[in-house]
1. Between 57, 247, 426, whose Cα lies farthest towards the positive end of the dipole of the chain when Lys and Arg beta carbons carry +1 and Asp and Glu beta carbons carry -1, centred on the Cα centre?
2. Considering only the other residues whose Cβ falls under 10 Å of the Cβ of residue 117, what net charge follows from Lys and Arg at +1 and Asp and Glu at -1?
3. When you count, for each residue, the other Cβ atoms within 10 Å and take the mean per peptide, how do 404-415, 114-125, 213-224 rank with the highest first?
4. Holding the Cα-Cα limit at 20 Å, pick out from 20/105; 142/264; 177/442; 384/438; 63/105 the pairs that are longer than that.
5. Restricting to bridges with both residues inside the chain, how much of the DSSP beta-bridge set is antiparallel, in percent to the nearest 5?
6. Give, in nm to one decimal, the length gained when the segment between residue 443 and residue 98 is fully stretched (0.36 nm per residue of separation minus the Cα-Cα distance).
7. Once the dipole of the chain is set up with Lys and Arg at +1 and Asp and Glu at -1 on Cβ about the Cα centre, which of 98, 278, 363 lies farthest towards its positive end?
8. Just add up the charged neighbours of residue 262: K/R +1, D/E -1, any other residue whose Cβ is under 9 Å from the Cβ of residue 262.
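What follows is calculated from the coordinates using simple rules that are stated; it is not laboratory data. Owing to the predicted nature of the structure, the values given are computational and were not obtained by experimental measurement. For neighbour counting, all protein chains shown are included, and Cβ atoms are generated from backbone atoms with ideal geometry for every residue, glycine included.
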Amino acid sequence: MEEVDAIVIGMNVAGANVSKELALLGINTLVVERFAQERIGEKTCGDGLEKHEFRRLNLEIPKGDFVIREITKGELVAPDLKSTITAQAEGIGINRYQFNQHLVKLSINAGVKVLDKTTAVSPILENYGNSMKVSGLKVCNKKGEIKKFRSKIIIDCSGVYAKIRNQLPKSWWVSEKVANKDTAICYRETRVFDSDLEELFVRAYFSKEIAPGAFYWIGCRDLRSVNIGIGILRVPGYPNPYRQFYSKLIPLHPYLKKGKITWKSGGIVPARRSIDCMVANGFIAIGDAACQVNPISGGGIGPSLFAGKLAASVINEALEKKDTSIESLWDYNVKYNKQYGFIQAGGQVFREFLSSLSDIDINKILGVQVLSDEDILYAIEHGKLDAGFTTKLKMARKLIKYPKLLFLLRKMQTRMEKARSFYLNYPKSSEGFLEWRKKVHKFFSVNI
């Protein structure tokens, strides 16, 4: 059985980045990727990166030919299309496929071995004291041949389905199942026009009728091409996003019919806080496999890049100590949640609040601008609303005749703070985990 130091499953952004970081630390790393190398990065995405995430997480803002343009503002549009909030937000538009391929090349140049067209089949477990640990991986190559690899650490970057994490023993904390209602199903297209559009814009539209539980977006890649997409929360009875796209979104914006479709794809993304525990003996989960996505914006590239760099550092220390136990890897949980997990937790509360409202209620709130551009940007960036929001609520005379909405807004603000506090105070060791998890699950089981 061939042996390596680390095996990474999947080579989208999370997998390509962590494998590169591991190789740069001198760790013998193997990546198992089910698609051909030239197809890596073909994934549904809004094609935008938020600069604030990179600054907060102390990451270098990506530069290269994959950058399409600078983004200086975004618009949030109410369901009635009458109220619009313009947010001054810094970002970059990217070609997501080219960006991912850029990361793949960096990884290979760092010395990573890539097995493409190879499927991760199942984890290999072995006894580890009074417990078990992940000690390897069974794979199937393009010829249908089954092979086994032994490894000191397995890193699951296989996406929202978390193929290996979900096969681990049910008693392991890391094997937490993610409910359908905590994910969104998406469909997107890129369309190209024969003549220039009037302006460059990025717009997110709230509409329970079109995109229940989430939103749809239209963003200019340049003056002649747009990225159009729709996300729908996977609650019982959710509509098909493809049908919603063509029966409701396109008819509402008829100018889009003039564009030629050059790309289309669909997929599922997490829409919640990170999973409670992201490590086990000989195992770490990163990216969508660990639900490392901003629940409000759906952005996951920044958190995945940060998690990969953090995981590589923790794994390197563990390998130096020759100890890849859950305790040795626990710092990954702690540092991720104190740097970004707390933002996700607060963001989930905000997303659930918006999902609970009717289109009429959202029209009222955005119409009187109780939730301003600064408020929503602050919520996305910090997982809470700033102190000025309380003052605005007290002065929201136009909402006095809607006491239920005022009550819900105040409740949301309080719950966002509480959710953040859980993750800012994540247990420093596994000893306090079960009590912490019990409180978190009780908190999130209550609807706003």
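1. The listed residue farthest towards the positive side: 247.
2. Details: positive: 34, 39, 142, 143; negative: 33, 116.
Residues close to residue 117 contribute a combined charge of +2.
3. Working: 404-415: 15.8, 114-125: 18.9, 213-224: 20.7.
In descending order of packing, they fall as 213-224, 114-125, 404-415.
4. Numbers: 20/105 9 Å; 142/264 26 Å; 177/442 16 Å; 384/438 23 Å; 63/105 15 Å.
Beyond 20 Å between Cα atoms: 142/264; 384/438.
5. On the way: 56 of 76 bridges.
Expressed as a percentage, antiparallel bridges in the chain total about 75.
6. On the way: separation 345, 0.36 × 345 = 124.20 nm, distance 4.05 nm.
120.1 nm is the gain from fully extending residue 443 to residue 98.
7. Comparing the listed Cα positions along the dipole, 363 ranks first.
8. Values: positive: 191, 260, 264; negative: 189.
The answer is +2.
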